[in-house]
1. Restricting attention to the stretch 3-39, report how many residues are at pLDDT 50 or above and either charged (D, E, K, R) or open to solvent by less than 30 Å² (accessible area, probe 1.4 Å) (or both).
2. Got a number for residues in the stretch 67-90 being modelled with pLDDT of 90 or more, farther than 18 Å from LEU36 by Cα and either surrounded by 21 or more Cβ atoms within 10 Å (Cβ to Cβ) or not hydrophobic (A, V, I, L, M, F, W, C) (or both)?
3. Is one or more of the residues making up the stretch 494-504 out of contact with any strand residue (DSSP E or B) (no Cβ under 7 Å at 6 or more places or on another chain) and either closer than 19 Å to PHE550 by Cβ or part of a helix (DSSP H, G or I) (or both)?
4. Kindly list the number of the only condition in (1) closer than 20 Å to GLN229 by Cα; (2) outside any helix (DSSP H, G or I); (3) modelled with pLDDT of 70 or more that fails for VAL277.
5. Can you tell me which residue in the stretch 215-224 is farthest from the chain's Cα centre (by Cα), limited to those that are farther than 21 Å from LEU34 by Cα and part of a strand (DSSP E or B)?
6. Would you check which residues across the stretch 387-398 are farther than 15 Å from GLU328 by Cα and either buried (at least 19 other Cβ atoms within 10 Å of the Cβ) or modelled with pLDDT of 85 or more (or both) and list them?
7. Which numbered condition trips up GLY156, out of (1) farther than 21 Å from ASP284 by Cα; (2) more than 38 Å from the chain's Cα centre (by Cα); (3) at pLDDT 60 or above?
Amino acid sequence: MAWVARFRLYPVEVTPGDINESTTASMHRQAGPLHLRAIAGPPVTPVEIVPGEPVTIGRSTQCKVQLSDAAVSRKHVTIEHSRDRWVVTDEGSRHGTLVNGIAIKSGEATPIEHGDALTVGPWIFRVITSGRVESTLATMDDRARRNSSVHVVAPGRLGSLAQRRLMLLMESTTAIQNVGSEEELAARVMPVLREGTGFRRAALVRMLDSEGQLEIIGAEQDPGSSALQVSRSLLEAARRGEVVELESQPDLQHAVSIMDAGVTSAMCAPVEVGSTVVACLYLDAAAARPVEPDAAAFVAAVAKLCGLAMANLSRRSLERRQAEMMRELHAAQQVQRRMMPADEGVFGGYRFAMRAQPGRIVAGDVFGILPLEDGSAAVFIGDVTSKGLGPAMIMAAIQSYVAAALKPGIDARTVVSSLNRHLAAQTADTEFASLWFALLDPAGNIDAVDAGHGYALLHRKGGVLEQMAWRGGLLVGVDATSEYETHRASLEPGDRLILMSDGLVEQRGEDESMFGVDRAKAILRDTREPVEDVSALHAALKAFAGGDAFEDDVTLASIERVG
């Protein structure tokens with residue numbers, strides 16, 4: 001079925017230097033917002049996601065971004081920022097989630113980068129991140145103009161390849177399929193396209209949004225030729241999955257515009273990965289250089305080769321990103337495990353049980369019990385912001401600094417204040433940690449500082465639960481001049497101190513509600529000893545989350561005074 005639009009050409013100036021060089025730079029990973037701009041699908045407002053809180057996309061009204069379409073699951077996909085990268089996780093959706101046309105594994109976090117195409121149901125979103133230097137071009141909004149036609153190239157014309165062009169394709173196929181980047185692909189393809197078609201200008205472009213902004217992956221043109229002209233009508237038609245062309249039909253009224261633009265013919269072919277149009281080949285020419293009659297067939301064949309090459313690039317890129325993230329996470333988890341105490345133990349007049357499980361994309365919890373010679377001990381739990389291998393080093397720094405700072409007669413406030421000054425001087429502005437720190441003596445006295453942590457309970461022998469909702473000061477590492485306040489409590493024989501990381505309290509269930517402190521209290525009312533405390537909490541959290549792939553690290557500890 002032919003799709004026809006009539007329009008007048010209006011040029012957009014782009015200097016030759018802009019389009020003759022490879023222009024796609026590697027992404028600067030920084031904690032700026034991520035934008036999703038729909039380039040295909042029903043009209044939808046652009047989405048902005050800021051670091052710090054996961055955003056769920058789906059059909060349910062409980063999702064922060066709601067997409068109303070039968071092909072979108074109630075809870076389809078989650079996007080969040082983890083240390084220096086954005087990741088997307090398919091939440092078991094019925095129709096799946098694609099990144100650059102490649103289906104990602106359900107339940108497994110996949111890194112996404114600037115320029116990626118994210119497919120959710122009928123929508124294709126372009127991923128835009130801040131801090132990116134790129135070459136862009138605004139298309140001509142020529143959809144309402146009336147001096148040219150855009151139409152689908154007839155299948156018969158796509159089937160007639162001249163022998164010379166067939167040889168050109170065969171000679172370039174291996175080189176195209178073995179490229180290592182999109183820029184290299186464009187550099188290989190542009191000369192082949194121009195030689196095999198007669199078009200003066202050729203470009204591999206990617207739509208950034210529905211407003212006509214393009215990213216130029218690579219382009220080439222004849223020396224001295226006029227600026228590249230890009231027709232939005234042609235691009236929109238090609239994005240439907242068909243090779244389309246423009247043939248000028250100038251009349252007296254619009255002759256000046258056509259002469260100014262210098263374009264008499266243009267062609268656009270979709271580059272597809274699976275069923276997703278990830279880019280387009282765009283070519284145009286002036287009357288001074290005739291276009292070969294079978295150019296459409298040649299462009300269609302090159303577009304298919306480009307689609308195969310970009311599928312290989314996308315698959316390798318996703319595998320590389322995933323492997324890099326998993327290496328960092330594994331290294332961070334190794335550091336975390338080495339710093340954690342045993343699952344059960346005894347010190348002085350206390351016994352304890354603990355359980356730590358890294359989240360699916362993070363490793364930032366720190367927990368320690370450091371016994372002293374007089375039978376007392378330092379007990380602390382915290383969460384380092386910004387996840388990955390770097391924060392794992394901060395966990396180690398906290399552990400080692402606290403161990404070095406513990407001296408006879410020292411108090412909790414002095415330890416935390418000194419640690420805060422050390423971290424503020426040694427870490428980046430975005431690196432700090434919540435911390436609950438206490439000194440427990442053999443008589444059951446607790447000398448504690450709560451630096452932004454907030455999740456500590458006292459479980460009295462008689463079954464009464466007390467939340468230690470203290471405010472002791474800012475997170476450590478934020479401000480070197482911060483002052484901290486000490487709080488005191490005591491444990492009788494049989495009383496337990498229960499510590500939880502925010503991974504338990506803030507874990508979301510299927511209805512997007514959080515596990516919360518009240519639910520933890522309700523579970524602990526029926527427990528009687530440390531191992532039962534941590535086991536019951538972990539089992540309840542697993543049932544609440546629908547599995548043990550928790551969003552954040554979960555660390556649980558119960559310390560009982562036994563006399």
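1. Pass one, the stretch 3-39, residues at pLDDT 50 or above: 31-39.
With the extra rule that they be either charged (D, E, K, R) or open to solvent by less than 30 Å² (accessible area, probe 1.4 Å) (or both), the set shrinks to 32, 34, 36-39.
Result for the stretch 3-39: 6.
2. Qualifying residue count, the stretch 67-90: 2.
3. Taking every residue of the stretch 494-504 in turn, none turns out to be out of contact with any strand residue (DSSP E or B) (no Cβ under 7 Å at 6 or more places or on another chain) and either closer than 19 Å to PHE550 by Cβ or part of a helix (DSSP H, G or I) (or both).
4. It is condition (1) that VAL277 fails.
5. Our first condition is that a residue be farther than 21 Å from LEU34 by Cα; within the stretch 215-224, this holds for 218-224.
From what's left, part of a strand (DSSP E or B): 218-221.
Numbers: GLY218: 25, ALA219: 29, GLU220: 32, GLN221: 36 Å.
This residue is GLN221.
6. Start the filter on the stretch 387-398 by keeping residues that are farther than 15 Å from GLU328 by Cα, which leaves 396-398.
Those that are farther than 15 Å from GLU328 by Cα and either buried (at least 19 other Cβ atoms within 10 Å of the Cβ) or modelled with pLDDT of 85 or more (or both): ALA397, ILE398.
7. (3)
Table: residues versus (1) β-branched (Val, Ile, Thr); (2) over 24 Å from VAL505 (Cβ atoms); (3) in contact with an Asp or Glu (Cβ under 8 Å, 6 or more places away or on another chain).
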position	(1), (2), (3)
ALA378	no, no, no
THR385	yes, no, yes
ALA396	no, yes, no
THR430	yes, no, no
TRP436	no, no, yes
ASN445	no, yes, no
VAL449	yes, no, yes
TYR455	no, no, yes
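The values are calculated or read from the model by the stated rules, or taken from the named source; none is laboratory data. Since we're looking at a predicted model, the values are computed, not measured. Neighbour counts are summed over all protein chains in view; Cβ atoms, including those assigned to glycine, are modelled from backbone coordinates with ideal geometry. These accessible areas exclude ligands, DNA and RNA; they are computed on the full protein's heavy atoms, side chains included. Shrake-Rupley method; radii C 1.70, N 1.55, O 1.52, S 1.80 Å.
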